[in-house]
Amino acid sequence: MKVVVIGAGIIGLLTAYKLAKLGHQVVILEKHSQSQESSWAGGGIVSPMYPWRYAPAVSALATLAQAEYPILAQELLALTNINIELNQCGMLMLDTEDKRDAIVWAQHYQQQLDCLDKNAIKQLAPLLGEFNNAVLLPQVANVRNPRLLQALVNAVNLLGVQHITQAEVCQWHHQQGQLFAVTTTTGQRYEAECFVVATGAWSGQLLKTLQVDIPIKPMKGQMLLYKLAQQRLSHIVLHQGHYLIPRQDGHILCGSTLEDTGFDKHTTSQALEILAQSAQGIMPLLAQHQPIKQWAGLRPASPNGIPFIGKLPHFENVWLNAGQFRNGLVLAPASAQLLVDLMQGNKTQVDESPYQII
Ligand SMILES: Cc1cc2nc3c(=O)[nH]c(=O)nc-3n(C[C@H](O)[C@H](O)[C@H](O)COP(=O)(O)OP(=O)(O)OC[C@H]3O[C@@H](n4cnc5c(N)ncnc54)[C@H](O)[C@@H]3O)c2cc1C
């Protein structure tokens, strides 16, 4: 089957990767010269933050994807020689008030969870500030998402996918519920039997031009980057909605803001101040360091963070995989698998109904 995938973020690339592995002929159309939107900007935590606060539809995909990540990391290393640095460092959530909900959630999803008091936190992570209690999920990993994207771009190229950049889809050609081609702003026309829309935060806006209303909108997130001579932070650490993520080479990411400011991607001095304060509160040592970089990305926000995965209404051959909101990196492997299974008419690993587009 010939498939055009629109958008080369983590969702589009992984969907293309899985389709190509099954022998489909895939073309990816990406509006920029590189994949540098939300999937590049994200922190790479391979778990929702405070996962028990999410709908079961999010937990179901997260659980499947977490099991798939180590296999994906191995596959990509073998295929491309790129190490995506999947680091199972654990996630420590400080001064969490809904500990009981966390325990119930962990039992239900068979996740290891430890509750720590002040002394246990000090022993485990002596460089953190003073905190009274914490919930630890020791199995949670983080991934170096820019490397994951590069590995996927190389992998799809090796699998024969046509990865076309600077190709912004702006026009649809359809008749009687059948889409037969799209045109890009450069005037190129691409025909296929099937189309997958994986345009992240732009999906709502783009699909309006096809007279389809999908409640996906951009939600800005800003991040800071620190660099230490060597890594001094052992875990992903969350406190009051902000977090620190350790990379193996001494980088520490601090995130993130949640701003409803449309498609504006500017960074602000206000966010710099808020995030730096949080970073220093969690790990006082960071007061001695200046952030070396600040950036922003646009999350594809959907109601309750539940992505839209399935066929578009009124179209026989147009599929959507978007709206993963704050969890696109963790949910990507399972979201892509669900869409590919639906496209092939296979039995799905999860109940597809919560993600359906009505
Ligand atoms: C600050 C921040 C921190 C985050 N941290 C995490 C985290 O720790 N863990 C986690 O799981 N998730 C995290 N996320 C969320 C995650 O990054 C997103 O959910 C995910 O990247 C969405 O992937 P996507 O492929 O749908 O979108 P994107 O990565 O935005 O990709 C969409 C692509 O479509 C392209 N496109 C758009 N319109 C068109 C068009 N008309 N034609 C062709 N191409 C088009 C865009 O250029 C883009 O490359 C974070 C996000 C942000 C912003």
So residue 33 and residue 78, fully extended at 0.36 nm per residue minus their Cα-Cα distance, gain in nm 13.6 nm
For region 143-184 versus region 213-237, the gap between their alpha-carbon centres in whole angstrom:
26
Whole-percent pair-distance distribution, where bins are 5 Å wide, for the alpha carbons of region 199-358
2, 9, 16, 17, 14, 13, 10, 9, 7, 3, 1, 0
Based only on Cα atoms, what Rg/Rh ratio does region 257-315 have, Rh being taken as Kirkwood's radius?
1.18
Between helix 328-344 and the chain, what is the angle of the helix's C-alpha long axis to the longest principal axis, kept within 0 to 90° and rounded to the nearest 10?
30
Residues whose placed amide H lies under 5 Å from that of residue 268, excluding near-sequence neighbours:
none
Mean separation of Cα contacts under 8 Å, 6 or more apart, over the residue count of region 1-94: relative contact order %
20
Rounded to the nearest 500, what is the chain's calculated 222 nm mean residue ellipticity when only DSSP H runs of at least 4 contribute -39500 (n - 2.57) each, over all residues?
-9500 deg cm²/dmol
Net dipole in debye of region 79-233 [+1 Lys, Arg Cβ; -1 Asp, Glu Cβ; about Cα centre; nearest 20]
400
With the dipole of region 211-355 defined by +1 on each Lys or Arg Cβ and -1 on each Asp or Glu Cβ, the option from 223, 335, 297 whose Cα lies farthest towards the positive pole is 223
Work from the charge dipole of region 187-253 (Cβ charges, +1 for Lys and Arg, -1 for Asp and Glu, about the Cα centre) and give the residue of 197, 238, 212 farthest towards its positive end.
238
Using a Förster distance of 22 angstrom, determine the FRET efficiency expected from the C-beta separation of residue 71 and residue 158, and round it to 0.05.
0.80
Work from the charge dipole of region 115-264 (Cβ charges, +1 for Lys and Arg, -1 for Asp and Glu, about the Cα centre) and give the residue of 253, 174, 187 farthest towards its positive end.
253
Could you order the peptides 260-271, 82-93, 165-176 from most to least packed, using the average number of other C-beta atoms within 10 Å per residue?
82-93, 165-176, 260-271
How much FRET efficiency would the formula 1/(1 + (r/R0)^6) give for residue 117 and residue 356, where r is the Cβ-Cβ distance and R0 is 45 Å, rounded to 0.05?
0.55
Can you give me the relative contact order of region 40-172 as a percent, contacts being Cα pairs under 8 Å and 6 or more apart?
35
Size of the dipole of region 205-307 about the Cα centre, Lys and Arg at +1 and Asp and Glu at -1 on the beta carbon, nothing else charged, in debye to 20?
220
Treating only Lys and Arg (+1) and Asp and Glu (-1) as charged, each at its beta carbon, one finds that the chain has a dipole about its Cα centre, in Debye to the nearest 20, of 440
List the residues, sorted by chain then number, that are 5 or more residues from residue 261 or on another chain and whose placed amide H is less than 5 Å from its amide H.
220
Need one number: nm distance between label points at residue 139 and residue 295, each 7 Å from Cα along Cα→Cβ, rounded to one decimal.
3.1
Any chance you could list P(r) for region 165-281, counting all Cα-Cα pairs in 5 angstrom bins from zero, rounded to whole %?
2, 9, 15, 14, 12, 10, 9, 10, 9, 7, 2, 0, 0
XL table 2/217; 21/311; 2/31; 99/293; 217/347; 18/311; Cα-Cα > 24 Å flagged, in table order, is 2/217; 99/293; 217/347
Kindly rank 340-350, 291-301 from highest to lowest mean number of other beta carbons found within 10 Å of each residue.
291-301, 340-350
Beta bridge orientation in the chain: antiparallel %, DSSP, nearest 5
70
Considering only protein heavy atoms, what per residue accessible area in square angstrom results for the chain with a 1.4 angstrom probe?
43
Please report the relative contact order for the chain, taking Cα pairs under 8 Å with a sequence separation of at least 6, and give it as a percent rounded to a whole number.
24
Report the extension gain between residue 2 and residue 186 in nm, rounded to one decimal, defined as 0.36 nm multiplied by the number of residues separating them, less their alpha carbon distance.
64.1 nm
Per the 1.4 Å probe, what fraction of the accessible area of the chain, in percent, lies on carbon and sulfur atoms?
48
Normalised alpha carbon radius of gyration of the chain [divisor 2.2 N^0.38 Å]:
0.99
Apply the a/c threshold of 1.5 to the C-alpha gyration tensor of region 58-145 and tell me whether it is rounded, prolate or oblate.
oblate
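The values are calculated or read from the model by the stated rules, or taken from the named source; none is laboratory data. No experiment lies behind these values; they were computed from the predicted model shown. Don't worry about glycine lacking a Cβ; one is built from the backbone with ideal geometry, like all the others, and counts go over all protein chains shown. Note: areas computed on protein heavy atoms with side chains; ligands, DNA, RNA excluded. Shrake-Rupley method; radii C 1.70, N 1.55, O 1.52, S 1.80 Å.
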